[in-house]
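Readers should treat all values here as calculations from the given coordinates under stated rules, not as data from a laboratory. These figures come from a predicted structure and were not determined experimentally. Cβ: placed from backbone, ideal geometry, glycine included. Neighbour counts: every protein chain shown.
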Amino acid sequence: MDSWLGLTARVLLGLVFVASGTLKAAAPAEEFALVIESYGLVSSRDLILVMSAFLPWLEVVFGYALLFGFLTRLSAAAIGGMVASFATAILYTILKGIRLPNCGCFGFGFTPTPHQELAMNGLYAVCAVQALRRGAGRLSLDAWCKTGGPTGRT
């Protein structure tokens, strides 16, 4: 049962981050830069542009890694760190009374409330922990590499 929980968490989180990163990467980086800037946490325009160009691709890479169960613990930890930083940024905007035009989660087509965003991040955090603890088992490249291939023989 634990291996199914790890697989479910890993696949769910991987799909969310692949979708999220792909939607942001497909749009002009300047769109996501405006969202990052609206949080009020980063003051350097150059750093904002770098973040808007690379963060979506990190989401895609680590999302696919989770989907396939490749470097599962590293990928789950990286996504868990991203989730924690996203939740911190959302909490900051709530405490400072900053009204965001868009959270930036899935591009410009999705606009949940800050409290909905926090709830989603809470779910993603639970999935990241489960993927970290149990995700490298069933149907993962990590397990496949350990056993010597799909037949499990070395």
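Give, rounded to the nearest 20 debye, the magnitude of the charge dipole that region 2-147 has about its Cα centre when Lys and Arg contribute +1 at Cβ and Asp and Glu contribute -1 at Cβ.
Dipole magnitude for region 2-147 comes out near 420 debye.
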Packing-based exposure ordering (other Cβ within 10 Å, fewest first) of PHE86, PHE110: PHE110, PHE86
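Please state the equivalent ellipsoid semi-axes for the chain: what are the square roots of 5 times the Cα gyration tensor eigenvalues, largest first, in whole Å?
Largest first, the chain gives 32, 16, 11 Å.
Rounded to the nearest 500, what is the 222 nm mean residue ellipticity of the chain from helices alone, with -39500 (n - 2.57) per DSSP H run of 4+ residues and division by all residues?
The helix contribution divided over the chain gives -25000 deg cm²/dmol.
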Relative contact order [Cα under 8 Å, 6+ residues apart], the chain, whole percent: 37 percent
Charge dipole of region 2-147 about the Cα centre (unit charges at C-beta), most positive-ward option of THR147, VAL35, PRO114: THR147
Which of ALA136, GLY80, ILE94, positive extreme of dipole for the chain (C-beta unit charges): ALA136
Of the DSSP H helices in the chain, those whose Cα atoms cover at least 20 Å axially and whose Kyte score averages -0.5 or more: 2-26, 45-68, 72-96, 114-134
Length added when fully stretched, ILE98-TRP4, from 0.36 nm per residue minus Cα-Cα: 29.8 nm
Simple spin-label estimate for LEU15 and VAL126 in nanometres, 7 Å along Cα-Cβ: 1.7 nm
Efficiency of FRET from Cβ geometry, PHE110 and VAL50, R₀ 30 Å, rounded to 0.05: 0.80
